[in-house]
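The values are calculated or read from the model by the stated rules, or taken from the named source; none is laboratory data. Not measured: the values here are computed from a predicted model. Note that we place each Cβ from the backbone using ideal geometry, even for glycine, and neighbour counts take in every protein chain shown.
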Amino acid sequence: MTGPIRSTCPYCGVGCGVLVRKTDTGVAVSGDPDHPANFGRLCSKGAALAETLGSEGRLSEPLIAGRRAGWDEALSLVARRLSDTIAAHGPDSVAIYGSGQMLTEDYYAANKFMKGFVGSANIDTNSRLCMASSVAGHVRAFGSDTVPGLYEDLELANLVVLVGSNLAWCHPVIHQRLAAARAARPGMRVVVIDPRRTATCDLADLHLPIAPGSDAAVWNAVLAAIDARGLAHWRDRLSGYAEAVEAARASDPAAAGVDLSGFIDLWCGAERVVTVYSQGINQSDSGTDKVNAITNCHLATGRIGRPGMGPFSITGQPNAMGGREVGGMANMLACHLDIANPRHRAAVQSFWNSPAIAAAPGLKAVDLFRAVEAGRVKALWVIGTNPTVSMPDADRVARAIATCDLVIASDIVETGVTRRADVVLPAAGWGERSGHVTNSERRISRQQGFLAPHGAAMPDWKIIAGVAQRMGFAGFDWPDADAVFAEYKTLSGIAGAQGGDFDISALTDEAPALWPQSPLRRGGRFFGDGVFHTPDGRGRMIAVIPQRQEVGMRLNTGRVRDHWHTMTRTGRAARLSAHIAEPFLEIHPEDAARIGLQPAMLAEVTSPGGRAVLRVLVTQRVAPGQPFAPIHWTDRNSAAGRVGALIAARVDPVSGQPALKEAGVVIRPY
Ligand code: SF4
């Protein structure tokens, strides 16, 4: 390594650029001042990246039934067993469950393998748990899964509304950018809508601690006011306006449990308004409706796709967006082409020169593991994720995996899946692999390798290609990751020719690049011209009927500032674990007194699905009946603190995204 290597942080969807320099003791990681997502900033997790490298706990060789094996033996065995399974039970008896940690090249290889050659769309990822409702909401409203705006819109807005998003802890660099913009423009206003008082509320002019699940009622109240005040300037460019307003008028704003009038005045009065939303909206059994309740307000007023205006879904993982672009979920094809469209399927199959193409959507995450449980999926390949922790009903998922005929696990460390797997394939981790990621504002950046892979580890695209070639599939003989990306870019050009919005075929520069790059969309925003990707070019309003809210003790879940997902990387840095060292339960003083809990005691939290034991933190940050627990602790570092097993697998009927944000629980002293 001579000069610094440019790469990106592997954690959240902000997609910060980093510079990696070699030092006498290892490497040093700093923020890239030239990267347009962060301009040199990093949060605590990104700043500690160098401390999370190292070989401790890494998988270093392929394993077959627990014994060490060479790559050829392991890949040949996987190829033979998958071929046998397909021959005996058909393509849909095979499934891949992947991750938003996969690079675009990995996603591309996995989707080409499954949809084009195995012939099944049974490939879903943990992105289903993160933003599937945003995808579905975008498609319903805009006719395509297109994020309309950019990060800089938060800085240009006069009002930024953060809904179900603890930006300060979950997307800290965007929070830093927002805080800096607000300091520079004192007239700017920030509103946080969240049942819990989070760290993000410190930046807010107004915090609305709404009743859990009442978001649709809030946004319906805003829409009714927009209509009543004559602010629906775009109603003639939209379909479904009258029905959406009728539903909005019929819904009860009192369901929010707080006075909305000040907020409604702010929202209606601010032309430049950005509504940022995250898992508090998406992770719900009516998440798609909630997304559309927000997009309705922006569509009606025309506050979309122009500087400082728009609904903005901010994603969890570093490459959840790249996965969406590749078609990395069970109901997508590739490059924003439609799996249900025969013309699109034929174009992709022809480009891949593949023997088959999946003709219908495959199994979404919850259904996929139910099919494993029922024995319909007989061969499961899990890549870069641990569903025995992160899925709802996690214990049931673990039991299902334990009964599956063939389990293949590609990962960097041991997990609940690798322990059960018939074949374990060691994957290259951050710093050991190169490829591309797309952040929440559609900016494609390069993640760059600067270390030799640990042991015999290989990048995921290469592992998948190795299996595909051994199954006799042609078109997987890429010499390197650049060749995979080049093929993907060419396919995106074919998608563009089909009228799709995702065409990066002209992308040449290695610098971070926003799409679209066409002159028609200069500035990188969508829909500011009032033209949408629907067949009639109109934006679609959706009539949203708020769902009944659950009552009783409802556990709310979320992240802490310094850990990422199941802590496979952040758990290695002592200073990150120092912020919050153990799993905890935030509980209101009234609940604590009634249950007999004192600060720092242990509490047992149970639901029909499982049990967790958590340290009690008595606080007014949460309301009575709304305790909170973080999601990060796992079967590796604190089995008792694992909350995934508590959560029932209720899903949004449109997107298939599970309601991971909350669970009905019983709490007692431990
Ligand atoms: Fe990494 Fe996200 Fe922090 Fe940026 S904000 S340094 S991408 S974790």
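Within the stretch 7-24, take every residue that is of a type in the set (A, V, I, L, M, F, W, C) and either closer than 18 Å to D562 by Cα or in contact with a Cys (Cβ under 7 Å, 6 or more places away or on another chain) (or both) and give me the one that is farthest from the ligand (Cβ to nearest atom). Once the filter is applied, the top-ranked residue is V18. Within the stretch 59-108, the set of residues being crowded, with 24+ Cβ neighbours inside 10 Å, farther than 23 Å from I357 by Cα and not hydrophobic (A, V, I, L, M, F, W, C) comprises P62, G100, Q101.
Do we have any residue at all in the stretch 473-484 that's assigned to a helix (DSSP H, G or I), hydrophobic (A, V, I, L, M, F, W, C) and touching a helix residue (DSSP H, G or I) at 6+ places or on another chain (Cβ under 8 Å)? Within the stretch 473-484, one or more residues are assigned to a helix (DSSP H, G or I), hydrophobic (A, V, I, L, M, F, W, C) and touching a helix residue (DSSP H, G or I) at 6+ places or on another chain (Cβ under 8 Å). Within the stretch 591-620, the set of residues being farther than 15 Å from V643 by Cβ and either outside the structural domain of R650 (by TED's automatic domain parsing) or in a strand (DSSP E or B) (or both) comprises just one member, V618.
Can you confirm whether G375 is more than 25 Å from the chain's Cα centre (by Cα) and at positive phi?
Details: more than 25 Å from the chain's Cα centre (by Cα): yes; at positive phi: yes.
So G375 fits the description; yes.
Selection of the stretch 405-427 for residues being surrounded by fewer than 22 Cβ atoms within 10 Å (Cβ to Cβ) and free of Cβ contacts under 8 Å to residues at least 40 places away in the same chain yields V407, R419, R420.
Screening the candidates G528, G552, G523, G537 for the property of being surrounded by fewer than 21 Cβ atoms within 10 Å (Cβ to Cβ), at pLDDT below 85 and either within 16 Å of the ligand (Cβ to nearest atom) or outside any helix (DSSP H, G or I) (or both) yields one hit, G523. Checking each residue in the stretch 254-285 for being out of contact with any Lys or Arg (no Cβ under 9 Å at 6 or more places or on another chain), in a loop (DSSP other than H, G, I, E, B) and crowded, with 24+ Cβ neighbours inside 10 Å picks out only S278. Out of the residues in the stretch 154-209 that are of a type in the set (S, T, N, Q) and crowded, with 21+ Cβ neighbours inside 10 Å, which is nearest to Q279 (Cα to Cα)? Among them, the one singled out is S165.
Among the candidates A379, A400, A394, the residue that is at pLDDT below 95, away from the ligand (no atom under 16 Å from the Cβ) and hydrophobic (A, V, I, L, M, F, W, C) is uniquely A394.
Out of R140, R80, I need the residue that is at pLDDT 95 or above, in a helix (DSSP H, G or I), of a type outside the set (G, A, S) and out of contact with any strand residue (DSSP E or B) (no Cβ under 9 Å at 6 or more places or on another chain). Which one?
On the way: R140 fails: out of contact with any strand residue (DSSP E or B) (no Cβ under 9 Å at 6 or more places or on another chain).
The match here is R80.
Only one of the numbered conditions (1) in a loop (DSSP other than H, G, I, E, B); (2) farther than 18 Å from V397 by Cα is violated by H632, and that is (2). When F450 is tested against (1) of a type in the set (F, W, Y); (2) surrounded by fewer than 24 Cβ atoms within 10 Å (Cβ to Cβ); (3) under 18 Å from A649 (Cβ atoms), just one condition goes unmet, and that condition is (3). Evaluate the stretch 28-47: report whether one residue or more is at positive phi, in a loop (DSSP other than H, G, I, E, B) and either away from the ligand (no atom under 16 Å from the Cβ) or crowded, with 19+ Cβ neighbours inside 10 Å (or both). Scanning the stretch 28-47, I find no residue that is at positive phi, in a loop (DSSP other than H, G, I, E, B) and either away from the ligand (no atom under 16 Å from the Cβ) or crowded, with 19+ Cβ neighbours inside 10 Å (or both), so the answer is no. Restricting the search to helices (runs of 4 or more DSSP H) fully inside the stretch 152-229 and requiring at least 1 residues that are within 16 Å of the ligand (Cβ to nearest atom) and of a type outside the set (A, V, I, L, M) gives 152-156, 167-170, 172-184. Within the stretch 611-670, the set of residues being farther than 18 Å from A132 by Cα and of a type in the set (D, E) comprises D635 only.
Would you point out the residue of the stretch 48-57, among those that are of a type in the set (G, A, S) and in a loop (DSSP other than H, G, I, E, B), that is farthest from the ligand (Cβ to nearest atom)? So that I can check it myself, show each step before the final result.
Step one: list which residues in the stretch 48-57 are of a type in the set (G, A, S), which gives 48, 50, 54-55, 57.
Still in the list and also in a loop (DSSP other than H, G, I, E, B): 48, 54-55, 57.
Numbers: A48: 9, G54: 19, S55: 23, G57: 21 Å.
Going through the qualifying residues, I end up with S55.
Determine whether the stretch 92-101 contains at least one residue that is out of contact with any strand residue (DSSP E or B) (no Cβ under 7 Å at 6 or more places or on another chain), in the same structural domain as A358 (by TED's automatic domain parsing), away from the ligand (no atom under 12 Å from the Cβ) and not aromatic (F, W, Y). Step through it out loud before you land on a result.
Narrowing the stretch 92-101 to residues out of contact with any strand residue (DSSP E or B) (no Cβ under 7 Å at 6 or more places or on another chain): 92, 101.
Keeping just the survivors that are in the same structural domain as A358 (by TED's automatic domain parsing) gives 92, 101.
Pick out the ones that are also away from the ligand (no atom under 12 Å from the Cβ) and you get 92, 101.
This time we only want the ones that are not aromatic (F, W, Y), so: 92, 101.
Yes.
Condition first: aromatic (F, W, Y), out of contact with any strand residue (DSSP E or B) (no Cβ under 6 Å at 6 or more places or on another chain) and under 30 Å from G500 (Cα atoms). Can you find one or more residues in the stretch 522-540 that meet it? The answer is yes, given that some residue of the stretch 522-540 is aromatic (F, W, Y), out of contact with any strand residue (DSSP E or B) (no Cβ under 6 Å at 6 or more places or on another chain) and under 30 Å from G500 (Cα atoms). For beta carbons closer than 7 Å, sequence separation of 6+ or different chains, a first residue in the stretch 561-589 that is assigned to a helix (DSSP H, G or I) and a second that is within 14 Å of the ligand (Cβ to nearest atom) and polar (S, T, N, Q), the qualifying pairs are T570/T52; R572/T52; L576/S44; L576/T570.
For A69, are the conditions met, namely being over 24 Å from the mean Cα position of the chain (by Cα) and not charged (D, E, K, R)? Outline the logic, then answer.
Numbers: over 24 Å from the mean Cα position of the chain (by Cα): yes; not charged (D, E, K, R): yes.
Yes, satisfied.
May I ask you to say which residue of R419, R442 is closer than 20 Å to G571 by Cβ, of a type in the set (K, R) and outside the structural domain of L150 (by TED's automatic domain parsing)? Explain how you work it out, then say what you get.
Numbers: R442 fails: closer than 20 Å to G571 by Cβ.
Within the list R419, R442, the selection yields R419.
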